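Novice: This is the structure I have questions about; it appears just below.
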Amino acid sequence: MPTPERLPHAICLMGPTACGKTDLAVALAARFPLEVISVDSALVYQGMDIGTAKPDAATLAACPHHLIDIVTPTDAYSAGRFRADALALMADIVGRGRVPLLVGGTMLYFKALKDGLDTLPKADPVIRAELLVRAAAEGWPALHAELARLDPASAARIQPNDSQRIQRALEVYRLTGRPLSELWSAAANVPLPCRLIEIALLPSDRAVLHRRIEARFRDMLAAGLVDELRGLRERYVLTPDMAAMRSVGYRQAWQFLNGEIDAPRLYEIGAAATRQLAKRQITWLRSWRGAKVFDCLQADLTDRVAAWLSGQLAG
């Protein structure tokens, strides 16, 4: 393995939802010999196009993206699987004399890529069943409060109703006696084949980003998000607790199809959930070390990033 300073480059382009990552990636790929790898936990799913703001056919034809449409909505796709897929793609892209450009907003995937993954214990059906019984009786927020006592760092990153992640974090603690966050920080495995150039897009005015988010969710509904989900439910055996169906937008559309909320409420809670997602992504990015920050609202963003990137790639 070459020394770090002699490794080839790879670029990480990170940012909250609706900040313009895809447009910037496509523009950069037109200026540099880049190949895009998607870092998005929802874009991996086939048939989930509208609610994920998946790049359209023309965009993908002009600038192909790896790790889009690779699993069905019934499949689970993990940070560990992403890291393995991304490392293989990075090596392949570098081998063809090009530069990997990893683009997305799933910060857990970026962390897994950069820091590695510790070997975590396999799922224990007995412990999981016990936790499900407790959750039915006490509610997931109560189990989240317990997690906050045992593993404050993990609890801070997990929402009080995120049943899957709460269950997994408590399960790991029961199995190992160690917080999941500690196992993550101790991660050390397959090294990166590249040295990372990290770019973070952040809004100088969060209200402007919120207006973008609201307009985009309104456009998704107009484009047929509910019909898209209806078709997926006809095509696959889906449940609301599947990872794909917990994605923002699809979770709310599911409630609408089940008659739990009406159309105005669908827009209201869908837009609010997307704003909350952006808030969590921004929180990750503000604590991220080593990234060059650009204001995603600047009119000359592409030129600014390209100018800075030219110097980094030449180094």
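The values are calculated or read from the model by the stated rules, or taken from the named source; none is laboratory data. All of these numbers come straight from a predicted model, not from anything done at the bench. Here the Cβ positions follow ideal geometry from the backbone for every residue, glycine too, while neighbour counts run over all protein chains shown.
Novice: Looking at LEU277, LEU225, LEU285, LEU266, can you tell me which residue is over 21 Å from GLN159 (Cα atoms) and not β-branched (Val, Ile, Thr)?
Specialist: Of LEU277, LEU225, LEU285, LEU266, the one residue that is over 21 Å from GLN159 (Cα atoms) and not β-branched (Val, Ile, Thr) is LEU225.
Novice: Within the set of pairs 6+ apart or on separate chains, which have a first residue in the stretch 70-89 that is at positive phi, a second that is modelled with pLDDT under 90, and C-beta atoms under 7 Å apart?
Specialist: Taking only residues 6 or more apart or on different chains, not a single pair turns up.
Novice: On to the next question. Give the residues of the stretch 289-300 that are out of contact with any Leu (no Cβ under 8 Å at 6 or more places or on another chain), modelled with pLDDT of 95 or more and part of a loop (DSSP other than H, G, I, E, B), sorted by residue number.
Specialist: Answer for the stretch 289-300, where residues must be out of contact with any Leu (no Cβ under 8 Å at 6 or more places or on another chain), modelled with pLDDT of 95 or more and part of a loop (DSSP other than H, G, I, E, B): GLN298, ALA299, ASP300.
Novice: A further question on this structure: With the condition being of a type outside the set (A, V, I, L, M), in contact (Cβ under 8 Å) with a residue 12 or more places away in the chain and surrounded by 14 or more Cβ atoms within 10 Å (Cβ to Cβ), I'd like the helices (runs of 4 or more DSSP H) fully within the stretch 121-175 carrying at least 3 qualifying residues.
Specialist: Where helices (runs of 4 or more DSSP H) fall fully within the stretch 121-175 and carry at least 3 residues being of a type outside the set (A, V, I, L, M), in contact (Cβ under 8 Å) with a residue 12 or more places away in the chain and surrounded by 14 or more Cβ atoms within 10 Å (Cβ to Cβ), they are 140-150.
Novice: In the set ILE282, ILE269, which member is surrounded by 14 or more Cβ atoms within 10 Å (Cβ to Cβ), closer than 25 Å to LYS114 by Cα and either in the same structural domain as ARG157 (by TED's automatic domain parsing) or of a type in the set (Val, Ile, Thr) (or both)?
Specialist: ILE282
Novice: What is the number of the single condition among (1) modelled with pLDDT under 95; (2) in a helix (DSSP H, G or I) that GLN281 does not meet?
Specialist: Here GLN281 meets the rest and fails (1).
Novice: Go through (1) over 21 Å from the mean Cα position of the chain (by Cα); (2) modelled with pLDDT of 90 or more; (3) buried (at least 16 other Cβ atoms within 10 Å of the Cβ) for GLY104 and report which single condition fails.
Specialist: Failed condition: (1).
Novice: Could you check ALA271 against (1) in contact with an Asp or Glu (Cβ under 8 Å, 6 or more places away or on another chain); (2) part of a loop (DSSP other than H, G, I, E, B) and say which number it fails?
Specialist: Going through (1) in contact with an Asp or Glu (Cβ under 8 Å, 6 or more places away or on another chain); (2) part of a loop (DSSP other than H, G, I, E, B) one by one, ALA271 breaks only (2).
Novice: Would you check if there is a residue in the stretch 230-239 being among the small types (Gly, Ala, Ser) and more than 20 Å from ALA207 (Cα to Cα)?
Specialist: yes
Novice: Let me ask another. Residues in the stretch 197-204: is at least one more than 22 Å from ASP115 (Cα to Cα), assigned by TED's automatic domain parsing to the domain that holds PHE110 and not in a strand (DSSP E or B)?
Specialist: Yes, the stretch 197-204 contains at least one residue that is more than 22 Å from ASP115 (Cα to Cα), assigned by TED's automatic domain parsing to the domain that holds PHE110 and not in a strand (DSSP E or B).
Novice: Further question on the same structure: Looking at this structure, is ALA215 in a strand (DSSP E or B) and either of a type in the set (A, V, I, L, M, F, W, C) or without any contact (Cβ under 8 Å) to a residue 40 or more places away in the chain (or both)?
Specialist: Spelling it out, it is not the case that ALA215 is in a strand (DSSP E or B) and either of a type in the set (A, V, I, L, M, F, W, C) or without any contact (Cβ under 8 Å) to a residue 40 or more places away in the chain (or both).
Novice: For SER181, which of the numbered conditions (1) assigned by TED's automatic domain parsing to the domain that holds PRO8; (2) closer than 26 Å to ALA153 by Cβ fails to hold?
Specialist: Every condition holds for SER181 apart from (1).
Novice: Name the residues in the stretch 1-52 that are surrounded by fewer than 23 Cβ atoms within 10 Å (Cβ to Cβ), in a loop (DSSP other than H, G, I, E, B) and free of Cβ contacts under 8 Å to residues at least 40 places away in the same chain, would you?
Specialist: Listed by number, the residues that qualify are PRO2, THR3, ALA30, GLN46.
Novice: Hey, any hits in the stretch 60-70 for a residue that's of a type in the set (A, V, I, L, M), closer than 16 Å to LEU7 by Cβ, assigned by TED's automatic domain parsing to the domain that holds ARG31 and more than 15 Å from the chain's Cα centre (by Cα)?
Specialist: no
Novice: So, one more: Only residues that are assigned to a loop (DSSP other than H, G, I, E, B), more than 24 Å from the chain's Cα centre (by Cα) and surrounded by fewer than 16 Cβ atoms within 10 Å (Cβ to Cβ): list them for the stretch 238-266, please.
Specialist: Within the stretch 238-266, ASN258, GLY259, GLU260, ASP262 meet the criteria.
Novice: Under the condition of being modelled with pLDDT of 95 or more and not in a helix (DSSP H, G or I), which residue from the stretch 72-95 is surrounded by the fewest Cβ atoms within 10 Å (Cβ to Cβ)?
Specialist: THR72
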